[in-house]
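Written out below as structure tokens is the structure these notes cover.
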Amino acid sequence: GKSELIPETGDASTSEFWVGEVTGIKPGFHYYTCQVNGTTVVNPDAPAGYGGFRGVNFLEMPEEDFEEYRLSQVPHGTVHMQYYKSERTGRWKLCYVYTPPKYDENPEKRYPVLYLQHGGGEDEMGWLWQGKIAHIADNLLAKNEMKEMIIVMNTGYSFPEEGEYHPGFGAFLEEFPESGIGIIDRSFRTIPDREHRAMAGLSMGGFETKLITLRRPEVFNYYGLLSGGTYAPDDITDKKQVASIFISCGSKENPDGVTKAVNDLKAAGFKVTSFVSPDTAHEFLTWRRSLYHMAQLLFK
């Protein structure tokens, strides 16, 4: 919906501030835009991130029943900026890497890795900024409800100058397994085998996850689709290639489709878990809750 801003002093020619009140905002994360004389602008005095392929303001309406995404008084992990070179484009790319709180204290310990993809119109900052993934991981680890793991977030687009690639995300399906995994194994103390790698994503990132895990079954052992479609039993040629599958969505999305897919997979002998986020749609409240549940199941 739209809300009108009015001059704070009542006089548009002299007022430095325009004010308004927005009511009825449901809990969760919300993008919003400001329009000045019909032009969409970013408010520099409010939180801003990247979504919809542009800078955009957002607001958080606290959710009383789900506090796990908040910054808490617990030990915190570290988020690293990791550059790597794409073999497909010849260009350097950036990904973000979360390491758990005790990573530097245990120089001999090695860790499994979750590769986590953003949705359409977002970038590699999406899960950190909008999804609050570092807070969720810190809070789960503090309660000993999640395995210690490294979490890697890549941008899901890659556009070489030539070649036949996916029209939406370009060469990412090829680039990521070729170039995006080796750099992590070389730069961080991973357990560099299939049994200790998971891939998951929200929305577009879930679609990328499905395509990559099916194309490259030797790379990942855990799959997660968060509002990102489903697997069918016939998609997966060898049950042994996947330890477990997690499929989720919001209750206002396609819960019946998720339930059917999960039942079909279970009937075919797969280990699969579903989660339907109550009273949410295609939004970060769905994906924060989904990640919270999925993370507790990985590498166990």
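The values are calculated or read from the model by the stated rules, or taken from the named source; none is laboratory data. All of these numbers come straight from a predicted model, not from anything done at the bench. Heads up, the Cβs are rebuilt from the backbone with ideal geometry, glycines too, and the neighbour counts pull from every protein chain shown. Note: accessible area is taken over every heavy atom of the protein model, side chains too, but ligands, DNA and RNA are not part of it. Shrake-Rupley method; radii C 1.70, N 1.55, O 1.52, S 1.80 Å.
One table, with the values for the structure above:
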item: Neighbour cut-off at most 14 other Cβ (10 Å), DSSP loop, GluC sites (Glu not before Pro), region 78-160; result: 87, 105, 108, 145
item: Simple Cβ-charge dipole of the chain, Lys/Arg +1 and Asp/Glu -1, about Cα centre, in debye nearest 20; result: 1140
item: Where trypsin sites (Lys or Arg not before Pro) fall in DSSP loop in region 113-183, at most 15 other Cβ within 10 Å; result: 143
item: Cα-based shape type of region 1-136, given that a ≥ b ≥ c are square roots of the gyration tensor eigenvalues and the cut on a/c is 1.5; result: prolate
item: Charge sum, other residues only, whose C-beta stays under 14 Å from residue 280's C-beta, Lys/Arg counted +1 and Asp/Glu -1; result: -1
item: Highest-first arrangement of 252-261, 71-80, where packing means the average Cβ count within 10 Å; result: 252-261, 71-80
item: Region 122-192 shape via C-alpha gyration tensor axes, a/c threshold 1.5; result: oblate
item: Share of carbon and sulfur in the accessible heavy-atom surface of region 119-268 [1.4 Å probe, %]; result: 49
item: Calculated Rg and Dmax of region 228-277 using C-alpha coordinates, Å; result: 10.6, 33
item: Chymotrypsin sites (Phe, Trp or Tyr not before Pro) restricted to region 38-140 and DSSP loop, no more than 12 other C-beta within 10 Å; result: 53
item: Centroid-to-centroid separation of region 46-108 and region 151-195 [C-alpha atoms, Å]; result: 17
item: Crossing angle, helix 284-295 versus the chain [Cα axis fit, 0-90 degrees, rounded to tens]; result: 30
item: Shape of region 157-234, Cα gyration tensor, a/c cut at 1.5; result: oblate
item: Using distinct alpha-carbon pairs, which all enter the 1/r mean, Kirkwood radius of region 186-300 in Å; result: 14.1
item: Share of alpha-carbon pairs per 5 Å distance bin for region 65-120, given as whole %; result: 4, 12, 15, 21, 20, 13, 8, 4, 2, 0
item: Net charge of Cβ neighbours under 15 Å - reference residue 295; Lys, Arg +1; Asp, Glu -1; result: +3
